[in-house]
Amino acid sequence: MKKILVTGALGQIGSELIVKLRNLYGENNVIATDIRKNDSVAALSGPFKLLDVADGEKMFQLAKQNQVDAIIHLAAMLSAVAEKKPLAAWHLNMGGLINALETAKELGIQLFAPSSIGSFGPTTPKDKAPQDTIQRPTSMYGVNKVAGELLCDYYFARFGVDTRGVRFPGLISYVTPPGGGTTDYAVEIYYDAVEKGRYQSFINKGTYMDMMFMPDALEAVVQLMEADPAKLQHRNAYNITAMSLEPEEIATEIRKHIPSFVLDYQVDPARQAIADSWPNSIDDSAAREEWGFRPQYNLEKMTADMLEKIREKAKV
Ligand code: SER
């Protein structure tokens, strides 16, 4: 990658990925786009353009005018919100992706499109879900993600578009909160631990889902986009994970820093149902073998960093 356009650049992933990409590729070589602007570092530290990903013509023009050689397409609706607004999710998630695919095809450029653990469903093996396995998700978000994986495969096979992607687990971060996902409890728990000393989880104890600390997710995007294409057998949708966690395990780790931390539960049936339909853990050996994916953060290291950074933010 030399010059990159990022959609959804002010979201949970984008707001940190923009900063990393600008450090690596130069601030003017990363075009941040989002449906609205704010005063975040991502919005102000280099080129920013307003873009609604439903507007395919504008996406194409922005990519063309800026002579980008890669699009990182992050604009999407997450699982819990998508379940409340399934038709809007279909339009945003699929419409945005098809516009990004068409733009990449017309301009002959690379495309990163994330999939998710949400692409799995209740008939997927629960533990260490394999790279190639049954994918019959029961949420609209999952339907979008499987369709997206297939579309990316299709554009690669049919038109030679250099599409690449990973199945992200729940991403834990302290810069920008996630917008309406099922795994969000694992972010909220850290904020509430610092700010209130207690957290009421909407996901029940014993519910395992894969998680990853944001620096590992950002590194995975760059590593995959820069990987030798000859090695990419599973180019669109590599399972990647750093840890499989349930709420009590995170609470136990938080108590090493905040001994009085209290975790209780008020389970949200809608989000619990989504979580129950996903695997407990996924197998990321294809990503490790084909492009050297190696996460650096485990629960212990991530917890120390999350609590430290949230405390710093709380002071200002
Ligand atoms: N974190 C996402 C969600 O919960 C999963 O991809 O929707």
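Bear in mind these aren't lab numbers, they're just calculated from the coordinates by the rules spelled out. Predicted model only: the values in this text are computed from it and were never measured. FYI the Cβ positions are ideal-geometry reconstructions off the backbone, even for glycines, and counts take in every protein chain you see.
Given Cβ point charges of +1 (Lys, Arg) and -1 (Asp, Glu) and nothing else, what value in debye, to the nearest 20, does the dipole of the stretch 201-301 about its Cα centre take?
Working: 9 positive and 17 negative charges, 23 e Å.
The calculation lands at about 100 debye.
Between residue 265 and residue 134, the C-beta separation translates, for a Förster distance of 35 Å, into a calculated FRET efficiency of about 0.70.
When only Cα pairs below 8 angstrom with a gap of at least 6 residues are kept, the stretch 193-248 shows a relative contact order of 63 percent.
Helix 185-195 axis versus longest C-alpha principal axis of the chain: approximately 60°, rounded to the nearest ten. Nearest 10 degrees, 0 to 90: what angle lies between the long axis of helix 56-65 and the longest principal axis of the chain (Cα atoms)? Tilt relative to the chain: about 70 degrees.
Partners of residue 205 within straight-line reach, counting lysines whose Cα lies under 18 Å from its Cα and excluding those fewer than 8 residues away in the same chain: 126. Multiplying the residue separation of residue 57 and residue 147 by 0.36 nm and removing their Cα-Cα distance gives an extension gain of 30.2 nm.
Note on the chain: with charges restricted to the Cβ of Lys and Arg (+1) and Asp and Glu (-1), its dipole about the Cα centre is near 460 debye. Cross-link partners for residue 3 among the lysines, with Cα-Cα distance under 24 Å and sequence neighbours closer than 8 places in the same chain left out: 20, 37, 49, 58, 64, 105, 231.
As an exercise, find the ratio Rg/Rh for the chain from alpha-carbon atoms, using the Kirkwood inverse-distance average for Rh.
Working: Rg = 18.7 Å, Rh = 19.7 Å.
My calculation of the ratio gives 0.95.
Straight-distance candidates among the lysines for linking to residue 256, with alpha-carbon spacing under 17 Å and chain neighbours fewer than 8 residues away dropped: 196, 301, 309. Extending 7 Å from Cα along the Cβ direction at residue 88 and again at residue 23 yields two label points whose distance is 3.5 nm.
Taking the mean number of other Cβ atoms within 10 Å as a proxy for protection, how do you rank 111-120, 33-42, 277-286 from highest to lowest? Can you show the working numbers first?
Numbers: 111-120: 26.3, 33-42: 17.0, 277-286: 21.3.
Taking the mean over residues of other Cβ atoms within 10 Å, the ranking is 111-120, 277-286, 33-42.
The slack between residue 258 and residue 315, meaning 0.36 nm per residue of separation minus the straight C-alpha distance, is 18.8 nm.
Our summary gives the chain a relative contact order of 18 percent, counting only alpha carbon pairs under 8 angstrom and 6 or more residues apart.
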